[in-house]
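Novice: Just dropping this structure here.
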Amino acid sequence: MAHEIRPAPVQPQANQTIPLTATEQITARHTCKNCQRQFEGKYCTYCGEKVYTDHDRTFSHFIQEGFHFITHFEGTFFTTLKYIFTRPGKLSEQYCYGIRKSLFKPLSLFLLLCILYLLFPVFEGLNMRLYYHVRHNFYGDYAMQKAIALAQEHRWTDQQLAEVFQERSAKVSKFLLLVLLPLTALFFWALTFRKRKFFFDQMVFATEINSVYLIWGYLVLPLLLFGAMGAYHLATGNKLVLEDGWITMGSIYSVFLLYTAIAAHRFYKLSWLKSVGLALLFFVAHYFILVIYKFFLFLITTSLL
């Protein structure tokens, strides 16, 4: 009987990695390079580190990862914006329910909006110059005394003090804007306590509400006003002065309150009457939340001078 001749197995050379098939990746036992624990499958069951093969080191895979990130980012980002512009409260509802893969993380969205606002500041409501702090209705007298003391201590002129303050304030506000989230969440938690929602859920809703405040009040509305100013200038030859006054704040809060009422109706399952009442109370609360934010912004900024 003829014997079957089988080729001898090829022995791997030193430092050579043999690519694993999909089945081998699942059944083979690996030592995690990150935490040094034993596990089976494609991912470490302890820390989540992936088992990388030769394919993962190819240039084509590098391009695929970049393409996946861009398309995934665009998909989740624009889905989230679609909810914000068309279905108030839907983002919070879906995210708290557990549907998150198709959504941009609310906190990441808020941080991104903060960066955009601070890079392109038009209205100074969230990053005020020293001029507005010393004239504030609640703490203006204290701010004025503090500013005078700082100018005397460092022998600065008013202009020098204002410039140094503005430089420090821009850096502080990047992080201090996060204070708006727990303060807003605390307000909604107190008024909707009977709904028995986790404080995490309240934070998500507060993040959506404050994100809309930034999007509309400090990104979209300024663009609309600049467009109107440009059209007016082309039509008449005259210029309009863009100011952060009562008309502007009315435009911001009219849309903001409408959004809050609709979002509260969807997220908390409240009646329309209660939703409108909650939005009106939030109008007052949000004003004082911003006062607290601005006061802390002044205190921290001056402490760094």
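The values are calculated or read from the model by the stated rules, or taken from the named source; none is laboratory data. What you are looking at is a predicted structure, and each value in this text was computed from that prediction instead of being measured. Note that we place each Cβ from the backbone using ideal geometry, even for glycine, and neighbour counts take in every protein chain shown. These accessible areas exclude ligands, DNA and RNA; they are computed on the full protein's heavy atoms, side chains included. Shrake-Rupley method; radii C 1.70, N 1.55, O 1.52, S 1.80 Å.
Novice: Tell me, what % of the accessible area of the stretch 122-225 is carbon and sulfur with a 1.4 angstrom probe? Mind dumping the intermediate values first?
Specialist: Values: 3350 of 5660 Å².
So the carbon and sulfur contribution to the accessible surface is 59 percent.
Novice: Now for a different question. Just to check I understand the Karplus step: with θ = phi - 60° and J = 6.51 cos²θ - 1.76 cosθ + 1.60, what whole-Hz values come out for the stretch 293-305, glycine and proline as x?
Specialist: 4, 5, 5, 5, 4, 5, 4, 5, 5, 5, 5, 8, 7
Novice: May I pose another question? Net charge near TYR43, counting Lys/Arg +1 and Asp/Glu -1 over other residues with Cβ under 11 Å of its Cβ?
Specialist: On the way: positive: LYS42, LYS50; negative: GLU40, GLU49.
Its environment carries a net charge of 0.
Novice: Can you tell me how much longer the chain between GLU153 and PHE85 gets when fully stretched, taken as 0.36 nm per residue apart minus their C-alpha distance, in nm with one decimal?
Specialist: Full-extension gain reported as 19.5 nm.
Novice: Per residue, how many Å² of accessible area does the stretch 100-213 show with a 1.4 Å probe?
Specialist: Values: 6490 Å² over 114 residues.
I get 57 Å² per residue for the stretch 100-213.
Novice: Give me the one-decimal nm value for the distance between modelled label points at LEU281 and ARG29, 7 Å along each residue's Cα-to-Cβ direction.
Specialist: Each label point lies 7 Å from its Cα, and together they span 6.0 nm.
Novice: Another one. Would you tally the net charge around GLN160, using a Cβ to Cβ cut-off of less than 15 Å, leaving GLN160 out, and scoring K and R as +1, D and E as -1? Could the numbers behind the result be given before it?
Specialist: Details: positive: ARG129, ARG155, ARG168; negative: GLU153, ASP158, GLU163, GLU167.
Counting the neighbours of GLN160, the net charge comes to -1.
Novice: Here's something else I'd like to know. Each label point is 7 Å from the Cα along the Cα-to-Cβ direction; what then is the distance between the points at ASN238 and ILE292, in nm?
Specialist: 4.4 nm
Novice: Here is a further query. For the pair SER108 and GLN166, what calculated FRET efficiency results from E = 1/(1 + (r/R0)^6), where r is the Cβ-Cβ distance and R0 = 35 Å, to the nearest 0.05? Present the calculation step by step, with values, prior to reporting the outcome.
Specialist: Values: r = 28 Å, r/R0 = 0.79.
FRET efficiency, GLN166 to SER108: 0.80.
Novice: How charged is the neighbourhood of LEU305? Take every other residue with its Cβ under 13 Å from the Cβ of LEU305, and add Lys/Arg as +1 and Asp/Glu as -1.
Specialist: On the way: positive: LYS146, ARG155, ARG168, LYS171; negative: GLU153, GLU163, GLU167.
Result for the local shell: +1.
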